[in-house]
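Structure first, then comments.
The values are calculated or read from the model by the stated rules, or taken from the named source; none is laboratory data. These figures come from a predicted structure and were not determined experimentally. Please note: Cβ atoms are built from the backbone with ideal geometry, for glycine as well, and neighbour counts cover all protein chains shown.
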Amino acid sequence: MKFTPEIYSIADKAMTPFIDSNEIWDYIYKTTSTKEKVKAIISKSLSKQRLTLEEVAVLINADEPELIEEIKEGAKTLKKNIYGNRIVLFAPLYVGSKCANNCTYCGFRSTNKDAVRKTLNDQEIVAEVEALEENGQKRLILVYGEHAHYTPEYIAHTVKVAYSVRIGNGEIRRININAAPMDVDGFRIVKESGIGTFQVFQETYHREAYKTYHLSGKKSDYDYRLTSLDRAQEAGLDDVGIGALFGLYDWRFEVMGLVRHANHLEACYNVGPHTISFPRIKDASSLEFGDKYFVSDEDFAKLIAILRLAVPYTGMILTAREPQKLRNEIIQYGVSQIDGGTKIELGSYSKLEENTDLNKGQFKINDDRSLNEVVDELLDQDMMPSFCTSCYRRGRTGEHFMEFSVPGFIKRFCTPNAILTMAEYIQDYAPEQTAIKGWKAIAKNIETIEDEKIKKSVLEKIDRIKDGERDLYY
């Protein structure tokens with residue numbers, strides 16, 4: 001897969017820092033937005049072409065309500081064209097809260113004396129995964145504090161433990177990781193355990209702001225974190241996720257930083273990030289800084305739409321930090337993955353913990369709906385809930401994923417696989433009312449499949465699922 005050279009910079013060299021703050025601010029301050037420019041950029045994105053930094057800046061600077069609405073509508077259309085109406089569901093599982101870093105915005109920070117440090121043992125991990133499987137989860141992201149205890153070998157071990165758990169028809173089919181950056185050998189060890197995506201969030205791409213938040217610990221090294229996913233690529237771990245924590249610095253800069261990061265990965269490795277995440281800080285009451293850079297709901301919706309247009313092929317993750325009403329709105333603008341039934345306190349899925357002091361997570365969640373409640377409301381919004389993990393297991397990752405997703409061919413797989421995983425969920429976990437909605441949604445989505453051979457195959461596979469088979473996919 002070849003990409004337009006103009007979106008890259010001469011600064012793009014493997015394992016080398018690539019963020020130039022002056023370059024980003026120059027684009028933001030010196031770029032003007034007109035109706036004609038915005039329309040042309042949206043049209044380019046809808047043809048599934050990556051946007052340049054200058055084009056992203058044009059969208060950022062579009063502040064007229066009419067233009068913002070066009071940006072949102074463009075993002076909706078692009079998502080529908082590439083992924084259809086499916087929303088992939090997952091759950092985070094916090095494995096350990098030990099942390100050696102002192103990050104002023106995080107509940108795990110080393111100076112937080114109120115935090116009770118805990119690491120789940122194997123038995124507790126099994127109990128947590130069993131509880132998640134009993135609710136119908138198939139995809140997990142394992143989350144670890146950044147501490148010497150959580151070595152690559154330890155993380156690989158916990159991945160294997162989680163994969164080994166089986167309850168009834170339940171099983172975890174894909175495990176993603178959110179953990180500290182590693183060296184090349186460390187990434188290689190974790191990759192060999194069979195993970196999907198490895199996430200490392202830069203938090204803020206502004207170097208000076210980064211220093212003010214990361215006071216001590218290995219995470220205070222901006223460049224080491226920035227180049228972490230280069231090392232993952234060098235290790236052969238080509239399925240990576242990037243993210244920024246909105247509220248630490250100007251949201252316009254962070255959007256440009258995320259796009260610049262995607263450009264860098266493409267330029268050096270011919271493959272962009274599999275996912276982009278954009279968690280947002282909303283409550284500063286327990287944090288050691290103010291709300292100067294907090295992002296309003298209106299700007300949050302706008303920036304998500306811009307990211308969807310800027311990087312058409314990339315999965316976009318919206319977490320339970322956001323409240324239900326806002327999540328229901330924003331998923332329309334290009335979000336492809338959300339968590340459901342989320343609990344961030346260690347041991348909380350299985351309720352193994354008795355100590356209420358452990359019920360203090362890394363941050364506050366604002367959407368506490370159960371997985372089935374999320375599924376039910378997605379169906380009400382004409383969305384197709386999906387527990388699909390086929391791309392990873394079919395080898396459609398990294399550059400191979402780009403080959404399918406950039407031209408939009410992946411829609412051929414996403415809709416059928418979403419249908420099949422939803423059929424499994426209905427058979428094994430859904431209450432009656434959700435099942436009724438689910439089968440109606442499946443019938444409706446089957447009719448959208450244009451390839452008659454695939455449509456016939458999907459119907460045959462659904463019959464096999466009803467007869468007891470599981471894990472059928474394309």
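Test of understanding: among LEU89, LEU78, LEU51, LEU93, which residue is under 24 Å from the mean Cα position of the chain (by Cα), hydrophobic (A, V, I, L, M, F, W, C), in a helix (DSSP H, G or I) and under 24 Å from ILE317 (Cα atoms)? Let's see the steps before the verdict.
Values: LEU89 fails: in a helix (DSSP H, G or I); LEU51 fails: in a helix (DSSP H, G or I); LEU93 fails: in a helix (DSSP H, G or I).
Criteria check complete, one pass: LEU78.
Give the residue, chosen from TYR83, TYR94, that is buried (at least 22 other Cβ atoms within 10 Å of the Cβ), in the same structural domain as GLU234 (by TED's automatic domain parsing), of a type in the set (Phe, Trp, Tyr) and modelled with pLDDT of 95 or more.
On inspection, the qualifying residue turns out to be TYR94.
Within the bounds of the range 422-430, is there any residue that is part of a loop (DSSP other than H, G, I, E, B), crowded, with 16+ Cβ neighbours inside 10 Å and at pLDDT below 95?
So far as the range 422-430 goes, no, none of its residues is part of a loop (DSSP other than H, G, I, E, B), crowded, with 16+ Cβ neighbours inside 10 Å and at pLDDT below 95.
Within the range 213-226, is even one residue over 25 Å from HIS147 (Cβ atoms), surrounded by fewer than 23 Cβ atoms within 10 Å (Cβ to Cβ) and not basic (Lys, Arg)?
No, the range 213-226 contains no residue that is over 25 Å from HIS147 (Cβ atoms), surrounded by fewer than 23 Cβ atoms within 10 Å (Cβ to Cβ) and not basic (Lys, Arg).
Consider ALA127 carefully, then state whether it is in contact (Cβ under 8 Å) with a residue 40 or more places away in the chain, among the aliphatic types (A, V, I, L, M), more than 30 Å from GLN427 (Cα to Cα) and surrounded by fewer than 22 Cβ atoms within 10 Å (Cβ to Cβ).
Considered against the rule, which asks whether it is in contact (Cβ under 8 Å) with a residue 40 or more places away in the chain, among the aliphatic types (A, V, I, L, M), more than 30 Å from GLN427 (Cα to Cα) and surrounded by fewer than 22 Cβ atoms within 10 Å (Cβ to Cβ), ALA127 comes out as no.
Here is a check on your reading of the model: is LYS437 modelled with pLDDT of 95 or more, surrounded by 16 or more Cβ atoms within 10 Å (Cβ to Cβ) and more than 29 Å from GLY241 (Cβ to Cβ)?
Considered against the rule, which asks whether it is modelled with pLDDT of 95 or more, surrounded by 16 or more Cβ atoms within 10 Å (Cβ to Cβ) and more than 29 Å from GLY241 (Cβ to Cβ), LYS437 comes out as yes.
Looking at the range 68-103, which of its residues are touching a strand residue (DSSP E or B) at 6+ places or on another chain (Cβ under 7 Å) and hydroxyl-bearing (Ser, Thr, Tyr)?
Correct list: TYR94 only.
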